[in-house]
Amino acid sequence: MLDAFYSRLVLAYPRLTLLVVLLLVLALGSQAFKVEIDASSETLLLKEDKDLAFTREVGQRYFNPDFLVITYTPEKGLLDDATLADINAMSAELEQLDLIDSVVSVRNIPLLQSPPRPLADLIADIPSLAKNPDINRSMVREELLSSPIYSDNIVSPDFKTTAVLAYFKEDPRYFELLYKRNDLLKKQEKEGLSAAERQELAEVRKAFKAHRDVMRGENHRTIRGVRAIMDRHRAHADLFLGGVNMIADDMVTYVKNDLSTYGSAVLLLLIVILYIVFRQKRYILLPVLVSLLSVIATTGVLGVFGWEVTVISSNFISLQLIVTMSLAIHLSVRYRELLQDEPEADHRDIIRDATVSMFKPCFYVIITTVAGFSSLVVSNILPVMNLGWMMSAGISISLLITFLVFPAVMMLTSKQPPNIGFERHFTLTKHLGHYAEHHGRLIIIVSAALAIFSVSGASRLIVENSFIDYFNKSTEIYKGMEVIDKSLGGTTPLDVIVDFPKSETAPAQPAAAKGESEFDDFEAEFAEDADAAQYWFTSEKMKTIETIHDYLDALPESGKVLSFGTMLKVGRIINGGEDLDNLELALLYNKLPDEFRSIILTPYLDVEHDQVRFNIRIVDSMPNLRRDELLKRIMRELPEKAGIPAENVRLAGMMLLYNNMLQSLFNSQILTLGLVVLILGLMFFALFRSAKVAFIAMVTDVIAVGVVFGFMGWAHIPLDMMTITIAAISLGIAVDDAIQYLHRFKLEVARDGDYVAAMHRSHATIGYAMYYTSIAIIVGFSVLVLSNFTPTIYFGLLTVLAMLMALIANLLLLPVLIRWIRPF
């Protein structure tokens, strides 16, 4: 059937075949422009994470908008008039940007201790450097350095750097569409939707995506605007930019730059290697042509289905390039082999025989690779799932295009004797064959040692996700994150939310020690705004809040902790070392001006829901930071230390959500690796109808993949959202080589039953194709280590290692096991 398809269609009408392929690729390529790159936090979250819903609820309940941090290290003193004037000018420019709502800096923060005053007087007229330029600067300096609110937050401990916070405007439309979409999706899952509701869901999805895309563009322009403003003020200070929005935006930029710069470099190196190996244009242009057509078609499929390229899935082009190059090189080598064996044979027959003989093993390669990527589809993380679908669709497209374009193009060329100069001078595969024949025991011993290396290294693997380590130390983004991390209280936010029992109804009483005259005006003023708040601030609650604050602040991993406990400590300073009583706290809650309320109160306190929020900034650059262990420790220790039920404590924030994502990805990728190996073993059994073959193949491939994980463990490369997919990649590469070799060995041993001769013939034929593919990919992908984006470096390094180990294992260990077990 396959023979007839090629004889009667592809080879009979090669121009028509190429025209049809090109038209289909162009049609799909027209949709490629719809593909977008998204590095927002939304792309890295679990679809049904309960903590995600709670984090969004916390974000809506407390004043907690997105913000950018500008670190400002002036040439002159922080409180110098010229410095303050420059900060004021920069803040005014920032506030002119469309998405920036307000700017908080050392100029406009409330000064509560300069000088210390009674609470009622202070609330009536809270000073700041902007309002009171003649304020005592020495007192201000002392307050900023000693204040529980501002030290390690607004100013660095050495008083050389300050933070300028640019807060984004809230986006109620985003959350309106988000919640509407999620509610409809939940209803669809539980009870189904009516026709009208399905239509509504489609419209909401469309509106949500359109709004998100518009805001993403606005966010990018805002960050560019912030950087332009910073550039205009660099004459007065050293400035760096930080913040979650900036990190996400810069990651998109890095991914785009790496795709264009290193994608071109990889392709160029591949062309150079193909020229060195083949020395003939057709064997250079054809692999490149089918690779480009496959990538264009696959990108078009992404546009059709609306699959967005994220940081995780940005390497899909490189992965598809590996598979497509492998298919094209195997076809080229097989064609050259037949042409060399029978130079007088009809050109059409050689093309047909080469194509038909290679289709079966290449088809096996594709379906097993799809099985290898199936572990991605069950991850419950949308971009990871999409990567699984992308690769499954992409490599299937590669198979179709390669086996249509290659024979059609070759039909339009004349026979040309192959240039075998490379094979004559570089006989590595033949040497490996001889080594496998004479040193089988040593190969087994070394393989056992590698297995031990793999297990011991894999046991040292850690599951972590450090954004600061994604960037080269020389880059601006790294320097900015480092300044924030070490001088301004840490980078990664984590929220601890504590619920109290419902408030008592008895009104709070002022302390007996207070004089009547002092409280005459105080109580009268308080009575005007008396509400539930006056009953909420009990001494027991305040003690619990401070206990929790102090526990979190004492954690080695925490940088700055902000909460209502911070305000209690400031109140104690204002009050001459004594705690503010319940009535004074209620006055503070009711009377604090709105401009300062959003800075020191509403982000941390929700009287209506009897709830408090503790915001921790984790020191992301801390050596040996173990995020999952930290989160579990907080949930285990905090309730006991604070004397509150464990169910009254919950965590929220991006650190928790990223950790949930990473742990889920670990479970779906690493813990299911055994299941994937079992499935691939069953597929080997189905393909070769031999349990021995399945056993041999999987032992070889597991050792090859194990070395990659062993290397990661010993090299302290963490399993994070970027490197964890290497399991599927490594296994796919190793299985591809094993299938090609086993299929050829089976054909060769059937000729004379001589396993040694069959091994040498396999090494001299399919071995060359494996060798050429591996050396092309290894050299091409080695250029990725020059990137400033660490995930790109790791991807290149680990892919090279996976290719190398797959080649060595399948040309040394696999033939030794075949000869010992004799499965055919």
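Between T298, T261, T253, T222, the distinction of being touching a strand residue (DSSP E or B) at 6+ places or on another chain (Cβ under 8 Å) and of a type in the set (S, T, Y) belongs to T222 only. Remark: pairs (first residue in segment 748-760, over 14 Å from L814 (Cβ atoms); second residue aliphatic (A, V, I, L, M) and at pLDDT 90 or above; Cβ separation under 9 Å; 6+ apart in sequence or on different chains) = A750/A758; R751/A757; R751/A758; D752/A758; A757/V749. Is it the case that some residue within segment 295-307 is part of a helix (DSSP H, G or I), at pLDDT below 85, closer than 30 Å to I468 by Cα and aromatic (F, W, Y)? The answer is no; no qualifying residue exists. Residues of segment 227-277 that are under 17 Å from I477 (Cα atoms), open to solvent by 40 Å² or more (accessible area, probe 1.4 Å), more than 21 Å from the chain's Cα centre (by Cα) and in contact (Cβ under 8 Å) with a residue 60 or more places away in the chain: D238, F240. Residues that are farther than 17 Å from G242 by Cβ and either charged (D, E, K, R) or under 41 Å from the mean Cα position of the chain (by Cα) (or both) number at least 3 in the following helices (runs of 4 or more DSSP H) confined to segment 60-161: 81-95, 137-146.
Selection of first residues in segment 672-686 that are open to solvent by 60 Å² or more (accessible area, probe 1.4 Å) and of second residues that are at pLDDT 80 or above and of a type in the set (A, V, I, L, M), restricted to Cβ pairs under 6 Å at least 6 apart or on distinct chains, gives the following pairs, ordered by first then second residue: F685/A691; F685/A694. I need a count of the residues in segment 197-251 that are within 30 Å of L84 (Cβ to Cβ) and of a type outside the set (F, W, Y). Qualifying residue count for the region: 29. Apart from one condition, L177 fits all of (1) touching a helix residue (DSSP H, G or I) at 6+ places or on another chain (Cβ under 6 Å); (2) in a loop (DSSP other than H, G, I, E, B); the exception is (2).
Taking the criterion of being in contact (Cβ under 8 Å) with a residue 60 or more places away in the chain and buried (at least 18 other Cβ atoms within 10 Å of the Cβ), the residues of segment 341-355 that qualify are I350, I351, R352, T355. For segment 395-433, a residue qualifies if it is in contact (Cβ under 8 Å) with a residue 60 or more places away in the chain and farther than 30 Å from T17 by Cβ, and the qualifying residues are G421, F422, E423, L428, T429, K430, L432, G433. What are the residues in segment 291-331 that are of a type in the set (A, V, I, L, M), open to solvent by 10 Å² or more (accessible area, probe 1.4 Å) and more than 25 Å from the chain's Cα centre (by Cα), if any? If the condition is that a residue be of a type in the set (A, V, I, L, M), open to solvent by 10 Å² or more (accessible area, probe 1.4 Å) and more than 25 Å from the chain's Cα centre (by Cα), then L292, L293 are the ones that fit.
Do we find a residue being closer than 15 Å to D628 by Cβ, within 25 Å of the chain's Cα centre (by Cα) and not acidic (D, E) anywhere in segment 668-682? Yes, segment 668-682 contains at least one residue that is closer than 15 Å to D628 by Cβ, within 25 Å of the chain's Cα centre (by Cα) and not acidic (D, E). In the list M661, M698, which residue meets the criterion of being touching a residue at least 40 places away in the same chain (Cβ under 8 Å), buried (at least 19 other Cβ atoms within 10 Å of the Cβ) and more than 30 Å from T547 (Cβ to Cβ)? The conditions single out M661.
The helices (runs of 4 or more DSSP H) found wholly in segment 459-573 and carrying at least 3 residues that are modelled with pLDDT of 85 or more and either hydroxyl-bearing (S, T, Y) or touching a helix residue (DSSP H, G or I) at 6+ places or on another chain (Cβ under 8 Å) (or both) occupy 476-487, 539-554. Looking across segment 167-186, the residues that are open to solvent by less than 70 Å² (accessible area, probe 1.4 Å) and modelled with pLDDT under 85 come down to F175, L178, N182, L185. Given the criteria farther than 25 Å from M655 by Cα, without any contact (Cβ under 8 Å) to a residue 24 or more places away in the chain, open to solvent by less than 40 Å² (accessible area, probe 1.4 Å) and part of a helix (DSSP H, G or I), does L201 qualify? Yes: the conditions hold for L201. With respect to (1) part of a helix (DSSP H, G or I); (2) surrounded by 13 or more Cβ atoms within 10 Å (Cβ to Cβ); (3) not hydroxyl-bearing (S, T, Y), the lone exception for R224 is condition (2).
Within segment 391-437, being open to solvent by less than 10 Å² (accessible area, probe 1.4 Å) and either of a type outside the set (S, T, N, Q) or touching a Cys at 6+ places or on another chain (Cβ under 9 Å) (or both) holds for M391, G394, I395, T402, F403, V405, F406, P407, A408, M410, G433, A436. Counting the residues of segment 454-471 that are over 30 Å from T492 (Cα atoms) and surrounded by fewer than 17 Cβ atoms within 10 Å (Cβ to Cβ) gives 2.
Working only within segment 627-658, note down all residues that are touching a helix residue (DSSP H, G or I) at 6+ places or on another chain (Cβ under 8 Å) and either open to solvent by 50 Å² or more (accessible area, probe 1.4 Å) or without any contact (Cβ under 8 Å) to a residue 12 or more places away in the chain (or both). Within segment 627-658, M635, E637, P639, K641, G643, P645, A646, R650 qualify.
The values are calculated or read from the model by the stated rules, or taken from the named source; none is laboratory data. The structure displayed is predicted, hence computed values, not measured ones. Because the Cβ atoms are built from the backbone with ideal geometry, glycine has one as well, and the counts that use them run over all protein chains shown. For accessibility, only protein heavy atoms count, side chains too; no ligands or nucleic acids. Shrake-Rupley method; radii C 1.70, N 1.55, O 1.52, S 1.80 Å.
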